[in-house]
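Remarks on the structure that follows.
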Amino acid sequence: MIIPENPRLPYLQQKTAALTAEPGVYIMKNRQGKIIYIGKAKNLRNRVTSYFRDHPDHTVKTAKMVSQVHDYDFIVTASEYEALILECSLIKQHKPPYNILLKDDKGYHYIKISKPPYARITAELHITDDGGTYLGPYMSGFTARQTVSAVNRMFRLPTCRRQFPESFRKARPCLNYHIGQCMGVCRGTVSEEAYAEAVADAVRFIRNGGDSTVSVLEQRMTAAADRLDFEEAARLRDRIAAIRKAGEKQDIMDAVRTDTDVIGTAEANGETAVSVLIYRGGRLCDQHSFTVPDEVLSEQLLSDFLMQYYSAKSGEDLPRVILLERLPEELELIRALLAERAGRSVSLELPERGTRRRLLLKAKQNAAEKLSLSAGRTGRELQALEELAKVLGLSRPPARIESYDISNLSSAAMVAGMVVFENGRPLKAAYRRFSVKEQHGQDDYASMQEVIRRRIEEYYKCRDDLDENGVPKNQFGILPDLVLLDGGRTHVLAIAPIFAETGFSVPLFGMVKDEKHRTRAIAAGGGEIAVKESMAAFHLLTRIQDEVHRFAITYMKTKHKKQSYALSLTEVPGIGEKKAQKLLLTFKTRAALKGATAEQLAKTAGVNAGTAQKLYALIQELPDG
């Protein structure tokens, strides 16, 4: 995208040179005098100067904002903390378009228990006069749906569309019954009383949480055993065990003991999504999701989000613990802001393992799903790219990945394939094939070096030929975010010097296979990086490696067939390799070549009538396939 340079830069640079070095707030305005951005700084001159340098390294969003700045105001404060408080207040008042503006429109949601007999528990958007009982309202539809899913699974309640008792014994039980997630009411062996009791226990669980429900069930189990009703005691024992087992896996009830907010993020296509899971009283009570367009995830973005999100909250609205995947840039300032708002300390923590780490991954998954709606990708695809970036130590998820593989049959038909994955999916329009020209022997390293050099040469040729949107017209002109070679550490070491020599500044890694030709690890210049098979990133790498191998070997087989066919044509005296290749290039297919007349063959190959007649006869004898 081409962003025009601001004609006011000389004036803005001159004004900024005289700016104070004190802390404060700066207010950017456009030509109409409208406030478009508000920021704070520990040193006003240094911070504002960074916007108006001649060759700044801005993000797309910042570059857009700077291009529209006509002038700016500033307010000096006594400290950076005062600047933070003032910034939050001014952003809330003016809502500048280039600041993070958090909008999380929510409606009311309910949990419905339909009327007996055989009541169902469902999540609903509205209350209707249908005789059911409604719990809520919940501000989060996510919370309502997750809670309903958890209790139906724990208490083995049916979620199918069958109507009871009308559907008794009319069909075999569904899969949920066979995997132990439904009690099988459709069999007609569960009494109304037993079913009503299970629903009542489920409602108690929703209202009071797991610990309270288990305590009540344990008392009933003991009472049943005392009166020698061992069948009832066993049934209650199984229900308690089911609740405890489910409680180990679900993150809705009793997940944490302390009031906690869990903040997860996801990034794709220059846009970041943030999901906040809110636990109060040990229960997931709400969830907020936000998208921040034209922003890549960074410590500064996280700082801005935390300040905007929590600046309007105070006292008991604030958690005691905030779980994060990374610490914000202005950690101490944010801690001070939260402590002042809450009237107590608020801990910002990075969970490494256990339940709290699982909750953070759940928040990240929700952010990825939120982002997937606008990115046109699944949450798992976005998660794979984030995981890959973390494993490889990249600053951001690689939106565009190029992968290369060499294929040959002995020393014949030496070729390479280049595949491109964009946002986790194959971009087949960008695939490219290479015939190895300089290497005549079987040398994969030298062949890969030749191919990579040619690809880089094409990049420098095509990068400046742009369309009206500022995008290179040729796919070779687009710089990838990551290059993967089908090979190990030695392949990386063979190619890395070419990257350095040509200034092709792209992260480079290899994909290592095991003895069964399956993806095993990632190779770097210094060794190997293990990737767990359970990770979404592992499955993405496997898919890329399989695809580039398929693409390269398909081209090699095609080329080998053509070379074999061309070699057959050289059996005719007067037809050499160049004339045979010219015939194949002209007629393109064997069928077209077989349909050509002797005169056409003579004209194309540049031979006399006698040679053309012998060539015609040979072609008619060769197979079509």
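The values are calculated or read from the model by the stated rules, or taken from the named source; none is laboratory data. What you see is a predicted model; the values in this text were computed from it and never measured. Cβ sites come from the backbone with ideal geometry, for glycine too, and all protein chains shown count toward neighbours.
Being in contact (Cβ under 8 Å) with a residue 40 or more places away in the chain and within 15 Å of Leu485 (Cα to Cα) narrows it down to one residue among Leu541, Leu508; which is it?
Only one candidate qualifies: Leu541.
A single entry from Leu338, Leu327 fulfils the requirement of being assigned to a loop (DSSP other than H, G, I, E, B) and either among the hydrophobic types (A, V, I, L, M, F, W, C) or surrounded by 13 or more Cβ atoms within 10 Å (Cβ to Cβ) (or both): Leu327. When the range 253-311 is filtered for residues that are charged (D, E, K, R) and under 25 Å from the mean Cα position of the chain (by Cα), the ones remaining, listed by number, are Asp261, Glu267, Glu271, Asp286, Asp294, Glu295, Glu299, Asp304.
For the range 213-225, the criterion of being assigned by TED's automatic domain parsing to the domain that holds Pro117, surrounded by 14 or more Cβ atoms within 10 Å (Cβ to Cβ) and not in a helix (DSSP H, G or I) is met by no residue. Pairs linking a residue in the range 45-72 that is touching a residue at least 24 places away in the same chain (Cβ under 8 Å) and under 13 Å from Ile27 (Cα atoms) to a residue that is basic (Lys, Arg) and outside any helix (DSSP H, G or I), with Cβ atoms under 7 Å and 6 or more positions apart or on different chains, are Val69/Arg8; His70/Arg8; His70/Lys29; His70/Arg31; Asp71/Lys29; Tyr72/Lys29.
For first residues located in the range 413-439 and closer than 15 Å to Ser403 by Cβ and assigned by TED's automatic domain parsing to the domain that holds Phe476, partners that are among the hydroxyl-bearing types (Ser, Thr, Tyr) and part of a loop (DSSP other than H, G, I, E, B) and lie 6+ apart or on another chain with Cβ distances below 7 Å form the pairs Met418/Tyr431; Val419/Tyr431; Val420/Tyr431. You will find that of Glu299, Glu218, the residue that is at pLDDT 80 or above and either of a type in the set (A, V, I, L, M, F, W, C) or farther than 30 Å from Leu394 by Cβ (or both) is Glu218 and no other. Checking Gly606, Gly574 one by one, the residue that is at positive phi and surrounded by 15 or more Cβ atoms within 10 Å (Cβ to Cβ) is Gly574 and no other. Here the condition is being assigned to a helix (DSSP H, G or I), out of contact with any Cys (no Cβ under 8 Å at 6 or more places or on another chain) and either not small (Gly, Ala, Ser) or not assigned by TED's automatic domain parsing to the domain that holds Ile456 (or both); of Arg543, Arg520, it holds for Arg543 alone.
With respect to the conditions (1) modelled with pLDDT of 80 or more; (2) more than 30 Å from Met65 (Cα to Cα); (3) over 26 Å from the mean Cα position of the chain (by Cα), Leu333 falls short on a single one, namely (2).
Counting only residues that are small (Gly, Ala, Ser) and within 23 Å of Arg396 (Cα to Cα), which one in the range 479-518 is surrounded by the most Cβ atoms within 10 Å (Cβ to Cβ)? By that ranking, first place goes to Gly510. So, Glu325, is that one touching a residue at least 24 places away in the same chain (Cβ under 8 Å) and within 29 Å of Arg543 (Cβ to Cβ) or not? The answer is yes for Glu325. In the range 564-610, of all residues being of a type in the set (D, E, K, R) and in contact (Cβ under 8 Å) with a residue 24 or more places away in the chain, the one that is farthest from Gln620 (Cα to Cα) corresponds to Lys579. If you filter the range 22-76 down to residues that are at pLDDT 90 or above and among the basic types (Lys, Arg), you find that the one that is surrounded by the most Cβ atoms within 10 Å (Cβ to Cβ) is Lys40. Confirm whether Ala494 is part of a helix (DSSP H, G or I), in the same structural domain as Lys532 (by TED's automatic domain parsing), touching a residue at least 40 places away in the same chain (Cβ under 8 Å) and not β-branched (Val, Ile, Thr). Considered against the rule, which asks whether it is part of a helix (DSSP H, G or I), in the same structural domain as Lys532 (by TED's automatic domain parsing), touching a residue at least 40 places away in the same chain (Cβ under 8 Å) and not β-branched (Val, Ile, Thr), Ala494 comes out as yes.
Taken over the range 440-478, the criterion of being basic (Lys, Arg), surrounded by fewer than 14 Cβ atoms within 10 Å (Cβ to Cβ) and in a loop (DSSP other than H, G, I, E, B) is satisfied by Lys473 alone. Hey, any hits in the range 189-205 for a residue that's modelled with pLDDT under 80, among the hydroxyl-bearing types (Ser, Thr, Tyr) and out of contact with any strand residue (DSSP E or B) (no Cβ under 6 Å at 6 or more places or on another chain)? Among the residues of the range 189-205, not one is modelled with pLDDT under 80, among the hydroxyl-bearing types (Ser, Thr, Tyr) and out of contact with any strand residue (DSSP E or B) (no Cβ under 6 Å at 6 or more places or on another chain), which makes the answer no. The residue that is nearest to Gly379 (Cα to Cα), counting only those in the range 422-439 that are at pLDDT 90 or above and crowded, with 18+ Cβ neighbours inside 10 Å, is Glu422.
None of Ala83, Ala78 is within 19 Å of Met307 (Cβ to Cβ), in a loop (DSSP other than H, G, I, E, B) and either in contact (Cβ under 8 Å) with a residue 40 or more places away in the chain or not aromatic (Phe, Trp, Tyr) (or both) except Ala78. Among the strands (runs of 3 or more DSSP E) confined to the range 253-292, the ones with at least 2 residues that are modelled with pLDDT under 75 are located at 283-292.
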